[in-house]
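See below for the structure under consideration.
The values are calculated or read from the model by the stated rules, or taken from the named source; none is laboratory data. Keep in mind the model is a prediction, meaning the values are calculated, not measured. Cβ coordinates were reconstructed from backbone atoms using ideal geometry, including for glycine residues, and neighbour counts include every protein chain displayed. Note: accessible area is taken over every heavy atom of the protein model, side chains too, but ligands, DNA and RNA are not part of it. Shrake-Rupley method; radii C 1.70, N 1.55, O 1.52, S 1.80 Å.
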Amino acid sequence: MGKRKVPGLNASSTADISFILLIFFLVTTSMDTNRGLAVRLPNPPEENQQDPPKIRERNSMVVNVNMNNQIMVTVAKDSRTIEVSELRELAKQFIANPENDPDLPELVPVELPAPFGVQNITKNHVISLQTDRATNYDTYFQVENELYGAYNDLRDELAKKTFGRSYNECNEDEQLACRQYYKCVISEAEPRKYNQ
Amino acid sequence: MSKFQKKGKAEMPELNTSSLPDLIFSILFFFMIVTSMREMELKVEFKVPKGTELEKLERKSLASYINIGRPTKDLRARLGSASRIQLNDKLIAGTEVGYIREFVQAERESLAERDKPFMKMCLKVDKDTQMGIVTDVKMELRKAMALSIMYSAEQR
């Protein structure tokens with residue numbers, strides 16, 4: 001018997017089939033990239049809460065956002081209205097206190113993991129963020145973004161200085177060490193209602 | 001007898017479409033990889049804010065979604081245009097934030113035991129929402145011990 005010729009398969013409809021599949025996927029899926037600002041909320045307030053521990057004035061930075069979306073920052077009794085773009089520098093100054101300014105948070109010696117050892121850091125600083133119920137979410141988000149940005153910048157600078165590479169390129173232990181060096185303390189007070 | 005005489009009617013050569021399916025399949029695979037299944041029908045409209053300090057949501061299976069914004073156009077006639085809260089698939093009545101605790105409980109139950117501590121709440125809030133409603137939601141989340149949250153945003 002001679003070789004039988006295999007008849008060619010008619011594949012002209014494969015294109016149609018794959019078109020239908022393609023359209024199905026275009027319709028049912030979405031291209032949302034899930035990115036966002038990760039935040040950890042504090043534990044719920046307890047029923048019979050004692051007075052919150054007193055925070056020394058120099059250790060606290062209060063960021064107020066009012067119903068007209070104006071931002072006021074209070075550091076050591078000195079209040080001023082600022083734009084969002086100025087907030088990051090101010091927060092960095094406050095968190096790091098590089099010149100040991102008596103109006104900025106006190107530097108406390110703290111035992112830190114391996115490469116750092118005992119360091120003077122602003123352990124007791126607190127950034128407190130207060131909003132009004134009528135504040136715009138966008139403004140609030142921008143403020144949060146700048147505050148977290150300040151911490152991220154400082155950690156990045158620290159990582160570059162100690163490990164010679166940026167924070168994101170460091171391994172987990174190094175990142176943890178940087179995080180402990182500049183520990184993020186942002187507290188959010190309950191928003192106030194207008195006329196209260 | 002000319003050299004350039006046309007030899008009858010010129011026939012249109014047939015286009016070879018045998019590679020068309022391959023082409024379409026590659027587009028299909030591209031879309032399958034870069035997109036994700038839409039998990040819920042949106043009942044509120046929102047445009048998330050833009051930020052710079054964003055992280056990627058690591059494991060989507062651990063995330064629950066809370067959307068806050070104005071109802072979509074076809075729902076607006078019935079529900080008005082005040083900000084509403086949508087939990088995964090359900091639009092809750094008014095701004096009754098009390099449902100959130102049940103919702104968190106149910107979401108937590110649906111996860112495997114070892115994943116429970118890593119549950120993440122993804123807040124997709126419209127830019128123009130007022131903070132009051134957001135704070136109420138956050139307070140409820142704190143009471144429900146869903147402390148790890150994420151404000152959804154776009155990269156600036």
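Could you pull out the residue among A:Lys160, A:Lys92 that is under 27 Å from B:Leu54 (Cβ atoms), open to solvent by 60 Å² or more (accessible area, probe 1.4 Å) and not acidic (Asp, Glu)?
Just a single option satisfies the conditions, and that option is A:Lys160.
So which residues in the stretch B:84-103 are modelled with pLDDT of 85 or more and under 19 Å from the mean Cα position of the chain (by Cα)?
Scanning the stretch B:84-103 gives B:Arg84, B:Ile85, B:Gln86, B:Leu87, B:Phe103.
Would you tally the residues in the stretch B:119-147 being over 21 Å from the mean Cα position of the chain (by Cα), closer than 24 Å to B:Pro71 by Cβ and not hydrophobic (A, V, I, L, M, F, W, C)?
5
Out of (1) open to solvent by less than 50 Å² (accessible area, probe 1.4 Å); (2) of a type outside the set (Gly, Ala, Ser); (3) at pLDDT 85 or above, the odd one out for B:Thr35 is which?
Exception for B:Thr35: condition (3).
Is there a residue being at pLDDT below 80, polar (S, T, N, Q) and part of a loop (DSSP other than H, G, I, E, B) anywhere in the stretch B:1-10? Break it down stepwise before answering.
Within the stretch B:1-10, the subset at pLDDT below 80 is B:1-10.
Those still in the list that are polar (S, T, N, Q) too: B:2, B:5.
Now narrow it down to the ones that are part of a loop (DSSP other than H, G, I, E, B): B:2, B:5.
Among the residues of the stretch B:1-10, at least one is at pLDDT below 80, polar (S, T, N, Q) and part of a loop (DSSP other than H, G, I, E, B), which makes the answer yes.
I'd like to check something: does the stretch A:24-47 contain any residue that is closer than 30 Å to A:Leu154 by Cα, modelled with pLDDT under 85, within 14 Å of another protein chain (Cβ to nearest Cβ) and in contact with a Leu (Cβ under 6 Å, 6 or more places away or on another chain)?
Looking for residues that are closer than 30 Å to A:Leu154 by Cα, modelled with pLDDT under 85, within 14 Å of another protein chain (Cβ to nearest Cβ) and in contact with a Leu (Cβ under 6 Å, 6 or more places away or on another chain), one finds at least one in the stretch A:24-47, hence yes.
Every residue, every condition in (1) more than 30 Å from A:Asp138 (Cα to Cα); (2) in a helix (DSSP H, G or I), yes or no:
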residue: A:Asn43; (1), (2): no, no
residue: A:Thr81; (1), (2): no, no
residue: A:Glu89; (1), (2): no, yes
residue: A:Glu99; (1), (2): yes, no
residue: A:Glu111; (1), (2): yes, no
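Give the number of residues within the stretch B:105-148 that are touching a strand residue (DSSP E or B) at 6+ places or on another chain (Cβ under 8 Å) and either of a type in the set (Phe, Trp, Tyr) or within 12 Å of chain A (Cβ to nearest Cβ) (or both).
Matching residues across the stretch B:105-148 total 22.
Condition check: within 11 Å of another protein chain (Cβ to nearest Cβ) and open to solvent by 50 Å² or more (accessible area, probe 1.4 Å). Does A:Asn136 satisfy that? Step through it out loud before you land on a result.
Values: within 11 Å of another protein chain (Cβ to nearest Cβ): yes; open to solvent by 50 Å² or more (accessible area, probe 1.4 Å): no.
When the stated conditions are applied, A:Asn136 does not pass them.
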